[in-house]
Amino acid sequence: MSDCIFCKIIEKSIPSEVVYEDDKMLAFKDIRPSAPVHLLLIPKKHIASLQELSVEDAELIGAMMLAVPQIAAQNGLQHGFKTQINTGVQGGQEVFHLHIHIMGRPV
Ligand code: 5GP
Ligand code: ZN
């Protein structure tokens with residue numbers, strides 16, 4: 001998706017502070033953090049939102065959910081964190097590339 005800001009972050013044509021990357025997903029620091037640690041975990045496949053997720057993405061979204069606690073712990077949130085997925089205009093979604101917010105305060 002040439003006009004998607006998160007696809008550009010995946011391609012590294014827009015800089016970001018990457019905290020985790022593998023062949024399927026990327027996690028980076030939110031540019032306007034609303035918590036001391038505020039990360040965004042995105043699939044490398046462009047999926048606009050949860051509403052566009054299909055059954056063929058089940059393994060991908062499963063792998064992402066399994067990665068969340070590991071990425072959180074690596075960023076100081078080993079004692080807990082909040083996750084959020086905003087979906088659609090009414091859900092407060094601003095960037096239409098599926099992302100999981102991971103937020104918390106290191107202890
Ligand atoms: P949404 O409201 O779509 O769930 O959240 C989008 C998030 O992406 C926001 O928290 C916003 O701060 C973040 N964001 C938007 N543009 C950029 C960017 O260019 N770089 C980074 N690192 N975060 C961004
Ligand atoms: Zn995208």
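The values are calculated or read from the model by the stated rules, or taken from the named source; none is laboratory data. If you're wondering where the values come from, they're calculated on a predicted model, not measured in any experiment. All Cβ positions, glycine included, derive from the backbone under ideal geometry; neighbour counts span all protein chains shown. Just the protein is used for accessible areas: all its heavy atoms, side chains included, with ligands, DNA and RNA removed. Shrake-Rupley method; radii C 1.70, N 1.55, O 1.52, S 1.80 Å.
What separates the Cα centres of region 80-96 and region 35-68 is a distance of 11 Å. The residues of region 36-107 expose on average 55 square angstrom of accessible surface per residue, using a 1.4 Å probe on protein heavy atoms. Relative to the longest principal axis of the Cα atoms of the chain, the long axis of helix 58-74 makes an angle of roughly 30 degrees. Packing around the peptides 53-63, 22-32, taken as the average count of other Cβ atoms within 10 Å per residue, puts them in this order, highest first: 22-32, 53-63.
Obtain the nm distance between the two label points defined at Glu11 and Ile61 by a simple spin-label model: each point lies 7 Å from its Cα along the Cα-to-C-beta direction. With each label point 7 Å from Cα toward Cβ, the separation is 2.6 nm. The translational diffusion coefficient of the chain, from Stokes-Einstein at 10 °C and 1.306 mPa s with a Kirkwood hydrodynamic radius over alpha carbon pairs, comes to 113 µm²/s. Accessible area ranking (1.4 Å probe, heavy atoms, ligands and nucleic acids excluded), largest first, for Ile42, Ile14: Ile14, Ile42. Of the solvent-accessible surface of the chain, computed with a 1.4 Å probe over protein heavy atoms with every protein chain present, carbon and sulfur atoms account for 54 percent.
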